[in-house]
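Visitor: Before I ask anything, let me first share the structure, which is written out below as structure tokens.
Quick note: the coordinates plus some simple rules give every number you see, no bench work behind them. Because the structure is a prediction, the values reported are computed rather than measured. Note that each Cβ is placed from the backbone with ideal geometry, even for glycine, and that neighbours are counted across all protein chains shown.
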Amino acid sequence: YIEMSLITSFSRANILNKMQENQKAFKLLDSVSTTLKGNDVKRQFYRDYGSIYYDNDNFQQAVKNYKKSLYYLKKIPDSLIEGRKTELLEAYLNVTNGLIELKDFDLATQYMDSASVYIDVNTSFDNLSYVGELQLKLNVLNSESIDNILNGYYELVKQQNKIHEQKIEDELDALTLANQKEKELISENKQQEIDNLKMQIGFVIALILLAFLVIIGWLFYRQRTLRFERYSLLLQQRLFRSQMNPHFTFN
């Protein structure tokens, strides 16, 4: 409940900041700063605090809070936060952006290099664009030669193209694998249908054989019954004859 109320406060502070009511945003965040519990909550708090400072051109405080957010983010285990690599990438980029505004290009380059570790084929287009923007800023502001700027730009384009190519290749591999699995599934379904049809045919044949055996058994039983009745009738006739012969002889 406490964390949810804090997250709600963070959202309200961001809304107030966008409405140009910066003092209210700062006041709201200050009011909840003493109730922070847990690394994840602190990470979000200092990230949002840093963003509001950045929007108000207080880059010194923005970097200070961005670094605190990164500090608490690193203390969170991988299993407890979804998309941790993305969060780390964005946290490093936020610090880099603030340092660029402070014109501390050497330290900004170090944070940019740290951020690049978390770039892979799953990195979103927005984050790749953000990386490109900050890297281009560093190249322009930290270089004295136009050739160095262009070389840095070409290297950045080459790196991002490589990521896109790898992503396309991975997607093609995944599509090929999915297509292969679909074919295998269709083949298994067909085989299952054939097996089911065979079972149904076998069941029908078994029913026919059972019915045939029942009819044969009934006919056999019927024949024995008729034979027994015929034999019984013959015995009765013999009995009557044996009873009639002495009477005729006496007469």
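Visitor: What list of ³J(HN,Hα) couplings, whole Hz, do you get for the range 203-211 from phi and the Karplus terms 6.51, -1.76, 1.60, once you set θ to phi - 60° and write x for glycine and proline?
Guide: Taking θ as phi minus 60°, the curve returns 5, 5, 4, 4, 5, 4, 5, 5, 5 Hz for the range 203-211.
Visitor: Let me ask something else. Take the range 43-152, compute every pairwise Cα distance, and split them into 5 Å bins from 0; I just need the percent in each bin.
Guide: Bin by bin from 0 Å, the calculated values are 2, 13, 22, 22, 21, 11, 6, 2, 1, 0.
Visitor: At 0.36 nm per residue, and after removing the present C-alpha to C-alpha distance, how many nm does the segment from R230 to K85 gain when stretched out fully?
Guide: Numbers: separation 145, 0.36 × 145 = 52.20 nm, distance 9.76 nm.
Residue separation times 0.36 nm, minus the Cα-Cα distance, leaves 42.4 nm.
Visitor: Let me ask something else about it. For the chain, what is the charge dipole size about the Cα centre, in debye to the nearest 20, if Lys and Arg each add +1 at the Cβ and Asp and Glu each add -1 at the Cβ?
Guide: On the way: 30 positive and 32 negative charges, 533 e Å.
Using only the charged Cβ atoms, the result is roughly 2560 debye.
Visitor: Compute the distance in nm between two label points, each set 7 Å from the Cα along the Cα-to-Cβ direction, one at K27 and one at D78.
Guide: 4.5 nm
Visitor: Using θ = phi - 60° and the Karplus form 6.51 cos²θ - 1.76 cosθ + 1.60, what ³J(HN,Hα) does each residue of the range 61-70 get, whole Hz, x for Gly and Pro?
Guide: 5, 4, 5, 4, 6, 4, 5, 5, 4, 5
Visitor: Right, here's the next one. Semi-axes of the equivalent ellipsoid for the chain, please: Cα gyration tensor eigenvalues, times 5, square-rooted, ordered largest first, whole Å. If you can, show how the numbers build up before the last one.
Guide: Details: eigenvalues 1813, 161, 27 Å².
That gives 95, 28, 12 Å for the three semi-axes.
Visitor: As an exercise, use a Förster radius of 25 Å and the Cβ-Cβ distance of Q60 and D106 to find the FRET efficiency, rounded to the nearest 0.05.
Guide: Numbers: r = 17 Å, r/R0 = 0.67.
Efficiency, from the Cβ-Cβ distance: 0.90.
Visitor: In the neighborhood of N65, defined by Cβ-to-Cβ distances under 13 Å, what is the net charge if each Lys or Arg adds +1 and each Asp or Glu adds -1?
Guide: On the way: positive: K42, R43, R47, K64, K67, K68; negative: D30, D48, D55.
Residues near N65 contribute +3 overall.
Visitor: By how many nm would the segment from I215 to T35 lengthen if fully extended, with 0.36 nm per residue of separation less the alpha-carbon distance? Walk me through the numbers on the way to the answer.
Guide: Details: separation 180, 0.36 × 180 = 64.80 nm, distance 8.80 nm.
Working it through step by step, the gained length comes to 56.0 nm.
Visitor: Summing -39500 (n - 2.57) over the DSSP H runs of n ≥ 4 in the chain and dividing by its residue number, what mean residue ellipticity at 222 nm do you reach, to the nearest 500 deg cm²/dmol?
Guide: On the way: 8 runs with 213 residues, N = 251.
That calculation yields -30500 deg cm²/dmol at 222 nm.
Visitor: Kindly state, to the nearest 0.05, the FRET efficiency for L141 paired with Q20, given R0 = 25 Å and r defined as their beta-carbon distance.
Guide: Numbers: r = 28 Å, r/R0 = 1.14.
With a Förster radius of 25 Å, E is 0.30.
Visitor: Also, I was wondering about something else. On full extension of the chain, what length is gained from E184 through S116, given 0.36 nm per residue of separation minus the C-alpha to C-alpha distance? Each step should come with its number before you reach the end.
Guide: Working: separation 68, 0.36 × 68 = 24.48 nm, distance 3.97 nm.
Full-extension gain reported as 20.5 nm.
Visitor: A further question on this structure: So what are the ³J(HN,Hα) numbers for the range 215-231, from phi and the Karplus equation (6.51, -1.76, 1.60; θ = phi - 60°), rounded to whole Hz, Gly and Pro as x?
Guide: 5, 4, x, 5, 5, 5, 4, 4, 5, 5, 4, 5, 5, 5, 5, 5, 5
Visitor: Measure nothing but the geometry: give the 0 to 90° angle between the long axis through the Cα atoms of 22-32 and the longest principal axis through the Cα atoms of the chain, rounded to 10°.
Guide: Result, in degrees: 60.
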